[in-house]
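Okay, so here's the structure we're looking at.
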Amino acid sequence: MQNSVCIVGTGAVTAIGLTAPATAAAARAGIANFDEHPHMTDRQGEPYVLAMVPSLETTIMGADRSIHLALPAMQEALSPLTGFAKSVFQVEAQIGLPEDRPGAPKDLQVKLSGEVRKLSTETYEINEIAFIAKGHSAGLMALEEGSRKILNHTCEFCLVGGVDSYVEPATLDWLEENDQLHVPANAWGFIPGEAASFCLLCSVDTAKKYRLPVRAQLLAVATAVEENRIKTETVCIGRGLTLAVKNCLQKLPGDVRIDYTICDQNGEAYRADEFGFMLARLSERFADPSDYLAPADCWGDVGAASGPLFINSVIAAAEKGYAKGPHALLWTSSEGGERSAAIVYAEIKEGEGG
């Protein structure tokens, strides 16, 4: 694992927690924060049910809302670099964003880039920012690009993550028109959510050099494309997801098994279908193929923030001692066809267990 990428910091803002530890603890406890919107209603005049971050006023919308979500999560993830008196670390950022959709703020990249640069402090400077606007898989795609930069020694530290919010009126109307909302008449829909989550990456040597505790290691990450996408006349049999997971598994010794899975299943049938097809093809590489978590039932569907949030859950489970094992598979599925998967190793510490 000497060539693996280290995760030395995490940060999160979700409907169930305003920090990474709070979010992980609430998710483990099965706490959900679904509530009716105070004034936005669907076509039947019923309030939309959402998973909204409680600290944000409903009047904050557009790019400003995503900025309010992202900045605290980024600062939390960067906190391991704040204790150095004479160092100015150069940090690059890879940020996952929603796909192009109704309600997605057109000025988000420009505004967010300006605000992120202001995060620089006496001990770290964010000197390059890139965006990946690919929806659900964008967070893990940012992880993939960030890990490539670390392994190629392009940068010493890379901040990777994603931010997404489904609470724009035009976005909710679009989801309703496409029968994607979870309502009494549609059991196969999802609860729209919002979140930001980030991880700070570096190499093994860098972590040792600065004596940064390694919280997890990224063993593999891969992205593939599913041709048979949602909202088309085709039938998805999980080829894209299978390829992404298979490409990750090929980087592990053949005797290593996946101990558990965290994924962005949100209630939509096509996600469950492609997961089932992938497991049918690769089940021998899983300790228990049926052992998976789908935290959207707590924090709602959080789109581009999904993958980095899963990493936060993996780290919390290992550090608190209740993880099923050290090897976790994460996967995400974008409407545009991208399927991303990652395998994270987190050493389980003695803790509360159970």
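The values are calculated or read from the model by the stated rules, or taken from the named source; none is laboratory data. Since we're looking at a predicted model, the values are computed, not measured. No Cβ is skipped: glycine too gets one built from the backbone with ideal geometry, and neighbour counts run over all protein chains shown. The area values use the complete protein model at the heavy-atom level, side chains included, leaving out ligands, DNA and RNA. Shrake-Rupley method; radii C 1.70, N 1.55, O 1.52, S 1.80 Å.
Some observations on this one:
- Test: residue in the range 268-290 that is in contact with a Leu (Cβ under 9 Å, 6 or more places away or on another chain), polar (S, T, N, Q), outside any strand (DSSP E or B) and open to solvent by 50 Å² or more (accessible area, probe 1.4 Å): yes
- Against the test of being within 13 Å of the chain's Cα centre (by Cα) and among the polar types (S, T, N, Q), the options Gln109, Gln94 yield a single qualifying residue, Gln94.
- Residue check for Val88: under 20 Å from Asp64 (Cα atoms), of a type in the set (Val, Ile, Thr), open to solvent by 70 Å² or more (accessible area, probe 1.4 Å) and out of contact with any Leu (no Cβ under 8 Å at 6 or more places or on another chain): no
- When the range 86-120 is limited to residues that are touching a residue at least 12 places away in the same chain (Cβ under 8 Å) and of a type in the set (Gly, Ala, Ser), the one that is farthest from Gly139 (Cα to Cα) turns out to be Ser87.
- Residues in the range 329-338 that are within 18 Å of Gly161 (Cα to Cα) and more than 13 Å from the chain's Cα centre (by Cα): Glu338 only.
- Cross-chain or 6+ apart pairs with Cβ under 9 Å, the range 70-85 first and surrounded by 14 or more Cβ atoms within 10 Å (Cβ to Cβ), then acidic (Asp, Glu) and part of a helix (DSSP H, G or I): Ala70/Glu115; Leu71/Glu115
- Only one entry in Val167, Val204, Val163, Val225 is β-branched (Val, Ile, Thr), closer than 24 Å to Met74 by Cα and in contact with a helix residue (DSSP H, G or I) (Cβ under 6 Å, 6 or more places away or on another chain), namely Val163.
- Test: residue in the range 196-208 that is surrounded by fewer than 15 Cβ atoms within 10 Å (Cβ to Cβ) and more than 21 Å from Ala294 (Cα to Cα): yes
- The range 256-267, residues that are farther than 19 Å from Ala317 by Cβ and either open to solvent by less than 30 Å² (accessible area, probe 1.4 Å) or hydroxyl-bearing (Ser, Thr, Tyr) (or both): Asn266
- Matching residues, the range 46-60, being in a loop (DSSP other than H, G, I, E, B), of a type in the set (Val, Ile, Thr) and at pLDDT 95 or above: Val53, Ile60
- With respect to the conditions (1) on the phi > 0 side of the Ramachandran plot; (2) at pLDDT below 95, Gly321 falls short on a single one, namely (2).
- Any pair with Cβ under 9 angstrom, 6 or more apart, that starts in the range 41-65 at a residue that is open to solvent by 70 Å² or more (accessible area, probe 1.4 Å) and ends at one that is basic (Lys, Arg): Asp64/Lys111
- Total residues in the range 231-255, condition touching a residue at least 40 places away in the same chain (Cβ under 8 Å), part of a loop (DSSP other than H, G, I, E, B) and surrounded by fewer than 16 Cβ atoms within 10 Å (Cβ to Cβ): 2
- Some residue of the range 319-334 being in contact (Cβ under 8 Å) with a residue 40 or more places away in the chain, of a type in the set (Gly, Ala, Ser) and part of a strand (DSSP E or B): yes
- Selection count, the range 83-105, where residues are at pLDDT 95 or above, part of a loop (DSSP other than H, G, I, E, B) and farther than 18 Å from Ala195 by Cα: 1
- Residue match in the range 185-192 (condition: in contact with a strand residue (DSSP E or B) (Cβ under 6 Å, 6 or more places away or on another chain) and either of a type in the set (Val, Ile, Thr) or open to solvent by 10 Å² or more (accessible area, probe 1.4 Å) (or both)): yes
- Which numbered condition Ala304 misses (of (1) at positive phi; (2) at pLDDT 95 or above; (3) among the small types (Gly, Ala, Ser)): (1)
- Among the residues examined, Thr171 qualifies as closer than 17 Å to Ala104 by Cα and open to solvent by less than 20 Å² (accessible area, probe 1.4 Å).
- Search result, residues across the range 115-124 that are touching a Phe, Trp or Tyr at 6+ places or on another chain (Cβ under 7 Å) and either modelled with pLDDT of 95 or more or in a strand (DSSP E or B) (or both): Tyr124
- Restricting attention to the range 291-319, the residues that are of a type in the set (Asp, Glu), within 19 Å of Asn266 (Cα to Cα) and open to solvent by 10 Å² or more (accessible area, probe 1.4 Å) total 2.
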